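Remarks on the structure that follows.
The values are calculated or read from the model by the stated rules, or taken from the named source; none is laboratory data. If you're wondering where the values come from, they're calculated on a predicted model, not measured in any experiment. Neighbour counts are summed over all protein chains in view; Cβ atoms, including those assigned to glycine, are modelled from backbone coordinates with ideal geometry. SASA here: full protein model, heavy atoms, side chains in, ligands and nucleic acids out. Shrake-Rupley method; radii C 1.70, N 1.55, O 1.52, S 1.80 Å.
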Amino acid sequence: MDAIIVPISHPTASLRTAVTLAIELNCTLVALCSQQASAEEALRLVHNTGAELVAINTADMPAELLPQFATSDLLSRTGFAYPRDTSAKRNLGLLLASLLGRQRIVFLDDDISVPTPSDLGRAAFLLDRYAAVGLSIGHFPDNSVVCHAHRATGGAQRTFIGGGALAVDPTAMPSFFPDIYNEDWFFLLDGERLCSAAMVGTAEQYPYDPYASADRAAAEEFGDCLAEGVFWLLDRGHGISDATLDYWQEFLGLRSTFINEVTDRILLTSKPADEKHRIAAALTAAHARSARIKPALCVAYLQAWLADRDIWQRHVADRVDQLATSSGGKVGKVLSGLGLLECSSLTIT
């Protein structure tokens, strides 16, 4: 394995798990810091540990470092913008890995642990055969708020591999993470269908309260609805090109019915009254946001997403042409060429 890349927004101390893993697996740790985390604190955290660290304050990175995506513009114009910076961080990780020639990287969220570190090595090993390899997320399910509510009210709810613990070869995976909930599901698509992917080993998600704020359910709804709609098609042997206006008209109706059915089951559970109230509030917010989603927006988003894939591939190719040879694979030179050196802290050059 070449690197573990952590998009961190929780306090820097939550990086400790990744530090331990990076040392044990003898690979570089890349910490992409914002909000409650900082590159300077990450450097102090690894002091005297022997860890190889590259930490970047992503809020200070040049605006032109990543392309302006049509999908982001579309959601901003229509009131569905997703207020997270995780996608930008992961895209920065992909770009850095491509410029440094790193072919086996693992994305690991800052609220994920890996009880058996060798599972990450197994995932990296399988990249010889698969474009992406994810760890099964246990302990606490990795689902949207609506899907958490579905499970909490008696529904059978599965999980899927995702960016929380995901090994990829960026040189063989010409995809990007769009600014949307379930961005990792879209990353795993090759433009028409799911890329070759596998699951191995286990990671654990730290528990959290999915119903703490109804705003979370509202913010997730467009990405949750779109991804579920796309993968529902794929499960039935169709491709993304089959996601027509008529298809989305049907699926959006099914989505609305699904949320209503989950809401109706809340009263049948034995959960405390306060939790029932919070689940109901979250579902009400999700349903209200879902009602605003129109078939034309879904079609337009997927068209913009396909265009963005081309934009991303050209952007990475241009950066590689500009920097890969002149930098000689040196981290410091790559960061300098990208305008990131001033907002970075590192233990390697």
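Tell me whether region 272-346 comes out rounded, prolate or oblate; compute the Cα gyration tensor, take square roots of the eigenvalues as a ≥ b ≥ c, and use a/c under 1.5 as the rounded threshold. Can you show the working numbers first?
On the way: a/c = 5.85, a/b = 1.91, b/c = 3.06.
Because a/c hits 1.5 or more and a/b fails to exceed b/c, region 272-346 counts as oblate.
Filter the chymotrypsin sites (Phe, Trp or Tyr not before Pro) in region 194-284 to those in DSSP coil with at most 15 other Cβ atoms within 10 Å of their Cβ, and list the result.
Hits after loop and neighbour filter: Y208.
Tell me, in nm to one decimal, what length is gained between H238 and S270 on full extension, where the rule is 0.36 nm per residue of separation less the Cα-Cα distance? Write out the running numbers ahead of the final one.
Values: separation 32, 0.36 × 32 = 11.52 nm, distance 3.98 nm.
Full extension from H238 to S270 adds 7.5 nm.
Region 111-156: which trypsin sites (Lys or Arg not before Pro) are DSSP loop and have at most 16 other beta-carbon atoms within 10 angstrom? Don't skip to the answer; put the middle values down first.
Values: sites: R122, R129, R151; in loops: R129.
Of the trypsin sites (Lys or Arg not before Pro), the ones in loops of region 111-156 whose Cβ has at most 16 other Cβ atoms within 10 Å are R129.
If I ignore ligands, DNA and RNA and count only protein heavy atoms, how much of Y130 is accessible to a 1.4 Å probe, in Å² to the nearest 10?
Roll a 1.4 Å probe over it and Y130 shows about 70 Å².
With the full set of protein chains in place, find how many percent of the accessible area of region 1-114 is carbon and sulfur; take the probe as 1.4 Å. Don't skip to the end; give the middle numbers.
On the way: 2050 of 4480 Å².
On region 1-114, the fraction of accessible area on carbon and sulfur atoms equals 46 percent.
Using only DSSP helix segments of four residues or longer, with each worth -39500 (n - 2.57), what per-residue ellipticity at 222 nm results for the chain after dividing by its residue count and rounding to 500? All intermediate terms of the calculation are to be shown ahead of the outcome.
Numbers: 12 runs with 164 residues, N = 349.
The helix-only estimate for the chain comes to -15000 deg cm²/dmol at 222 nm.
Report the per residue volume, in Å³, of the convex hull enclosing the C-alpha atoms of the chain. Present the calculation step by step, with values, prior to reporting the outcome.
Values: hull volume 44.6 nm³, N = 349.
Dividing the Cα hull volume of the chain by its residues yields 128 Å³.
Give the percent of DSSP beta bridges with both residues in the chain that are antiparallel, rounded to the nearest 5.
Values: 13 of 33 bridges.
Taking every DSSP beta bridge within the chain, about 40 percent pair in antiparallel fashion.
I'd like to check one number: the per residue accessible area of region 1-141, probe 1.4 Å, reported in Å² as a whole number.
Normalised by residue count, the accessible surface of region 1-141 is 41 Å².
If each Cα of region 146-278 is one equal point scatterer, what is log10 of I(q)/I(0) from the Debye formula at q = 0.11, 0.14, 0.18 Å⁻¹?
Evaluating at q = 0.11, 0.14, 0.18 Å⁻¹ gives log10 I(q)/I(0) of -0.49, -0.78, -1.20.
Can you work out D for region 86-177 in µm² s⁻¹ from Stokes-Einstein, where Rh is the Kirkwood radius over C-alpha pairs, the temperature is 4 °C and the viscosity is 1.567 mPa s? Let's see the in-between values first.
Values: Rh = 14.4 Å.
Translational D for this selection: 90 µm²/s.
Test of understanding: in a Gaussian network model of the chain with alpha carbons linked when under 10 Å, which of T71, T159, T171 would top the mean-square fluctuation ranking?
So, out of T71, T159, T171, the one fluctuating most is T159.
Under 1.5 on a/c is rounded, so check that first for region 201-263, then, if it is not, pick prolate when a/b is larger than b/c and oblate when it is not; a ≥ b ≥ c are the square roots of the alpha carbon gyration tensor eigenvalues.
It is oblate, given that a/c is not under 1.5 and a/b is not larger than b/c.
For region 224-320, what class follows from the C-alpha gyration tensor (a ≥ b ≥ c being the square roots of its eigenvalues): rounded when a/c is under 1.5, otherwise prolate if a/b is larger than b/c, else oblate?
Prolate shape, in that a/c is at least 1.5 and a/b is the bigger ratio.
Find the centroid of the Cα atoms in region 99-160 and in region 248-273, then give the distance between the two in whole Å.
Between the Cα centre of region 99-160 and that of region 248-273, the gap is 27 Å.
Would you list which aspartates and glutamates come within 19 Å of K276, measuring only between C-alpha atoms, while excluding same-chain residues fewer than 8 positions from it?
Within reach: D209, D215, E261, D264.
Of all the accessible heavy-atom surface of region 183-314, with the other protein chains kept in place and a 1.4 Å probe, what percent is carbon and sulfur?
Working: 3330 of 6100 Å².
Carbon and sulfur together cover 55 percent of it.
Could you name the aspartates and glutamates whose alpha carbon sits less than 14 Å from that of K333, not counting residues in the same chain fewer than 8 places away?
Cα-Cα hits under 14 Å: E342.
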